[in-house]
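Okay, so here's the structure we're looking at.
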2 protein chains.
Amino acid sequence: MSFQKHVLSNGLTIVGELSPSAKSVAVGFFVKTGARDETPDESGVSHFLEHMVFKGTPHRTALEVNFDFDRIGASYNAFTSEENTVFYAAILPEYLPQAVDILADILRPSLRGDDFNMEKNVIIEEIGMYDDQPMWCAYDNAKKAFFADHPLGNSILGTKESVTALTREQMQGYYDRRYVAPNITVAVAGNFVWDDAVKLIDKQCGHWPVGTAPRAKVTPVAPRKYQQVMTKEKLKQEQVFLLAPAPAADSPERYAADALAMIIGDDSGSRLYWALVDPGLAESADMSFHDYEGTGSYFTSFSCEPDNTQEILALIKEILREVQSEGVSDEELAVAKSKILSRVVRGSERPMGRMQAVGMGWTYLKTYRSVDEELANFDAVSLKNIRDVLDRYPFDELTVLALGPLAKLE
Amino acid sequence: MSFQKHVLSNGLTIVGELSPSAKSVAVGFFVKTGARDETPDESGVSHFLEHMVFKGTPHRTALEVNFDFDRIGASYNAFTSEENTVFYAAILPEYLPQAVDILADILRPSLRGDDFNMEKNVIIEEIGMYDDQPMWCAYDNAKKAFFADHPLGNSILGTKESVTALTREQMQGYYDRRYVAPNITVAVAGNFVWDDAVKLIDKQCGHWPVGTAPRAKVTPVAPRKYQQVMTKEKLKQEQVFLLAPAPAADSPERYAADALAMIIGDDSGSRLYWALVDPGLAESADMSFHDYEGTGSYFTSFSCEPDNTQEILALIKEILREVQSEGVSDEELAVAKSKILSRVVRGSERPMGRMQAVGMGWTYLKTYRSVDEELANFDAVSLKNIRDVLDRYPFDELTVLALGPLAKLE
């Protein structure tokens, strides 16, 4: 695999990783904007705009967008997170020109009023659907409780109220400010010819407007000792989240934090697994490390019969205290590395996986990391690194949110 | 890629697809047994047994099973369906011997009483968790309504009552009858040496007991015009399933049925998408084709604001009537083929995907189909094949199940 990079005259960056033996190619447009970049008035606009991007351009109706993707058998989709809005497609190598043509076209959407009003209903339905999913609902509210007034606590979907109140003009304004060339990275991975891809992308995107799309408040979040219970009597299970601060995406400590979260809460063979899931006390229990620009967080979560909640919470706090004071073992670290190595290698087997990794890497760090470099970074994590990350990001103060039948927590 | 097959003296079949350029290898043990093979007394035993397989053997405690998999960085898991119980792992090529050793060992589990009683709680928690998921709950009950007294209507998880009543001895009896060598296929795909794999598997599994594990009632299901409403007032969305008979897994018509379901109800660019999802009438709407041994079914489903349910049901019935009487267009078929081709090629990029395809192909059909053959089979589907499958499996009589706030359907 080889890496290439090119910046167009308007500031749009193209990054590519070539694997001539791949059977397909994947291309993604990474717009560095998401829920954290929204004002309260605009809550949900990034995600709503992601939908609108598929609703047509001056050159294509929504039907044609869909049909043109389907005709080349593209596996295409988009997602919106707190920090990014990403549009991508995986295709057989011969269809890369068409895929770039469609993606570049839709990234300049018409945002027609009629479509806007119709799509609003879709978004409101989607909000309703997520409200019916206890896990998602607990996650969203835990994030809000933990990040408090930090913009990373913003809801990705927004609320029924905020989306209802949103106007087409607000969306246009947000689009004009955020979808500027220097705020967009195009990543290509798999079987393709670099020079051809650059020419294609330059032709389609070279005229896109220049602008700055700064991100406010890229600051670390402070720990927040806090507890909240959302009672939903009709549910059978209790869903609980525990959040604590962790290293940011650009921190060299992120590898140690990732390994630590795997040791404590991987869904197989971790401390939480053996203490809670294996004996049948919890239906599921895990910890994962989420890194963002400027800050990070450990998300620990479990679901269980409501009566077990209090006991499980006490056990988790005890496990965290033990790790905090005694660290982890050599053997635990070796196993975590073995899992990570395998995960990284297997994740690299598809162009889609590499496109995501290369695109995200560039968006966050302006850096390319090959599979081998990524493996080496994880392999270098020592017990001392784990100790350091525990000292800098202790588990002492937790934000706890429970959603389910329980009326209260002690 | 090349295919190899070997049958051990006790009747266990090994199938392999070699890709020397792959970076990993995947191995799966396919036991041809599932919910459809259970008596009412045993409801849920296949899935419960799948869990027990990870609870230890005469040679390994549960902790050691987990630890041994983790030490080689295996991505491992298992699943139970109506027809199969499958245990699998993906590893870096150098770890295939260890992966086979662990999988073969755990397939001869101790089924200890203490573990059985403890794991029962896990299963009951899992049943509770699924009960909180409207989509799953609607799916499970729709299947039950459609298959009626056909064993394919059996619940995979069983009920809280059936699992509570299950004894260790019943599980042991089921295991002894169903986990016999001729009822098991081992599939290996990716980067490995065939002769070495056969030797490994023979050494581990060559002594497994012989036996017959017949499957009762492998008969086509008849259409069932039926309507059921499950009222759950606290939900915000209505989940609806419509089921109709379709070709079986061994039918040459399965390719036409798959293309037809894609044309009508793929999640992008299908008739249902344009009629329901795009205009925001439904949150989601799709149709998929499920093929089983001896029979098959089209599953159409949607979720929406409860007030829209009646209108959407009428629209779907109209779409099905139109396809039934007028068929589909040349262009629709061409697009469906393009999607399927791309899906098959991309699905073949990982050893895990090929292991599943090769293992399932052998379990159902005792046949190997290469990626190219599979592509050719789909490519050969004609408008006449679609017409034929519509004539043999019309959409006239539907089993409809709605779950959500609605009190009734017209």
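What follows is calculated from the coordinates using simple rules that are stated; it is not laboratory data. What you see is a predicted model; the values in this text were computed from it and never measured. For neighbour counting, all protein chains shown are included, and Cβ atoms are generated from backbone atoms with ideal geometry for every residue, glycine included.
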Gyration tensor (Cα) of segment B:266-410, equivalent ellipsoid semi-axes in angstrom: 31, 18, 16
Label spacing, shortest first and in nm, from B:D388 to its equivalents in the remaining copies (7 angstrom along Cα→Cβ): 6.8
Folded to 0 to 90 degrees: helix B:113-131 orientation relative to chain B principal axis, Cα: 20 degrees
Place the label 7 angstrom along Cα→C-beta at A:E94 and in each other copy, then list the distances from the first to the rest in nm, shortest first. 4.0
Using the Cα gyration tensor of chain B, with a ≥ b ≥ c the square roots of its eigenvalues, what is the shape: rounded (a/c below 1.5), prolate (a/b larger than b/c) or oblate (neither)? oblate
What distance in nm separates the two pseudo spin-label positions at B:H59 and A:N377, each 7 Å out from Cα along the beta-carbon direction? 3.9 nm
Folded to 0 to 90 degrees: helix B:134-147 orientation relative to chain B principal axis, Cα: 90 degrees
Dipole of chain B, Cα-centred, from +1 at each Lys and Arg C-beta and -1 at each Asp and Glu C-beta, to the nearest 20 debye? 880 debye
Selection from A:T363, A:I386, A:G296 lying farthest towards where the dipole of segment A:279-404 points positive, charges on Cβ: A:T363
Kindly put A:C137, A:C304 in sequence by how many other C-beta atoms sit within 10 Å of each C-beta, fewest to most. A:C137, A:C304
For every other residue with a beta carbon closer than 14 angstrom to the beta carbon of A:G190, add +1 if it is Lys or Arg and -1 if Asp or Glu, then tell me the sum. 0
Mind giving me the nanometre distance, one decimal, between the label points for B:T367 and A:D195, set 7 Å out from Cα along Cα→Cβ? 4.7 nm
Is it possible to state the helix-based mean residue ellipticity at 222 nm for chain B, with each DSSP H run of 4+ residues giving -39500 (n - 2.57), the sum divided by total residues, to the nearest 500 deg cm²/dmol? What is it? -13000 deg cm²/dmol
List the equivalent ellipsoid semi-axes of segment B:1-73 in whole Å, largest first, each obtained as the square root of 5λ for an eigenvalue λ of the Cα gyration tensor. 28, 21, 12
Ordered by fewest other Cβ atoms within 10 Å, a rough proxy for footprinting exposure, A:R271, A:R392 read A:R392, A:R271
For segment A:150-200: Kirkwood Rh in Å [reciprocal of mean 1/r, alpha carbons]: 14.7 Å
Between the helical axis of A:168-178 and the dominant principal axis of chain A, each derived from Cα atoms, what acute angle in degrees is found, rounded to the nearest 10? 90 degrees
In A, who owns the beta-carbon nearest the axis carrying A over to B, and how many Å from it? A:K234, 2
Honestly the protein assembly as shown on the Cα gyration tensor test (a ≥ b ≥ c root eigenvalues; a/c under 1.5 rounded, otherwise a/b vs b/c for prolate or oblate) is just rounded
Can you sort A:R254, A:R36 so the residue with the fewest Cβ neighbours within 10 Å comes first? A:R254, A:R36
Defining the label point at 7 Å along Cα→Cβ, can you sort the distances from A:D41 to the same site in each other copy, shortest first, in nm? 7.1
